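J.: Sharing a structure here in structure tokens format.
The values are calculated or read from the model by the stated rules, or taken from the named source; none is laboratory data. Model, not experiment: these values are computed from the prediction. Backbone-built Cβ (ideal geometry, glycine too); neighbour counts: all protein chains shown.
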Amino acid sequence: MATKPESAAAPQSDMPSAERVEAFLRDNPEFLAQRPELMDVLAPPQHDHGDNVADWQAFLIERLRNDACDARDQENHLVEQTRRDRSLQDRIHAGALVMIGAVDLDHLVEIVTSDLAILLGVDVVMLAVETTCPGGQAQVICGVRCVVEGTVERLMEADHDVIARSPAVADEGLFMGASTLVQSELLARFGGDDGLPFGVLALGSRHDDHFQQGAPVDLYRFLAAVLERCLRKKLGLAL
């Protein structure tokens, strides 16, 4: 009776034996130190110390695992936050450059009230300036929301120059028909001296987490400063 050749025998498992793994670890004692993530999948030995006696070695290993997991979560959060901050910075700079490139005042107003919404990823942008309103009522003139004196002080509570908040107040006199859409908002003050009246750059989003109270607002303060400088230049006022 013919026998199967040795080469046709059932294939052996590719997994190394426990003895080979042990030998490898003994020859490479730094292996686990170089790959600490393996500690998350290894089961530490449990020691029986009798009833009601805690295995502190296993407890400490589990605590170290939890600490490592928390550290990774914090690292991922920091990376994601850095990416969002960089994206916002790029958007703000793009908006500033577009405003600087406006050919005249009408073009500047169009950029602020139309293009900025796209560049900044928001749903509505309003430009409001205090002036003497006909009939004492706020109205839109050439794309600018003209509001009565004292409106900016009322909107910018506690004399802040920038306010970010959610839920939004969404003042109807500022956002007009879009006020019901706005769930979070950012208001940035500009002007108030050297011939330029007080004004507000108002950004609104339908997402309640787009602007949040306590979030950094320096980039938006910079954007409002660029807007003020552009307005002064187009109006022939002192810079």
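J.: Look through the range 175-205, keep the residues that are assigned to a strand (DSSP E or B) and acidic (Asp, Glu), and return whichever of them is surrounded by the fewest Cβ atoms within 10 Å (Cβ to Cβ).
T.: ASP193
J.: If I ask for residues that are among the aliphatic types (A, V, I, L, M) and exposed (fewer than 15 other Cβ atoms within 10 Å of the Cβ), which ones from the range 149-174 would you list?
T.: ALA158 - this is the single residue of the range 149-174 that is among the aliphatic types (A, V, I, L, M) and exposed (fewer than 15 other Cβ atoms within 10 Å of the Cβ).
J.: Looking only at residues in the range 216-239 that are free of Cβ contacts under 8 Å to residues at least 24 places away in the same chain and over 18 Å from ASP159 (Cα atoms), which one is farthest from the chain's Cα centre (by Cα)?
T.: Only one residue tops the list, namely GLY236.
J.: If a residue has to be at pLDDT 80 or above and more than 12 Å from the chain's Cα centre (by Cα) to count, how many in the range 72-90 make the cut?
T.: Residues that pass the stated criteria total 4.
J.: Taking the range 185-215 as the search range and keeping residues that are farther than 18 Å from ALA128 by Cα and in contact (Cβ under 8 Å) with a residue 60 or more places away in the chain, which one is farthest from the chain's Cα centre (by Cα)?
T.: Residue satisfying both the conditions and the ranking: ARG206.
J.: Another one. Got a number for residues in the range 160-196 being in contact with a Pro (Cβ under 7 Å, 6 or more places away or on another chain) and of a type in the set (A, V, I, L, M, F, W, C)?
T.: 0
J.: Report whether or not GLN57 is modelled with pLDDT under 80, part of a helix (DSSP H, G or I) and surrounded by 11 or more Cβ atoms within 10 Å (Cβ to Cβ).
T.: yes
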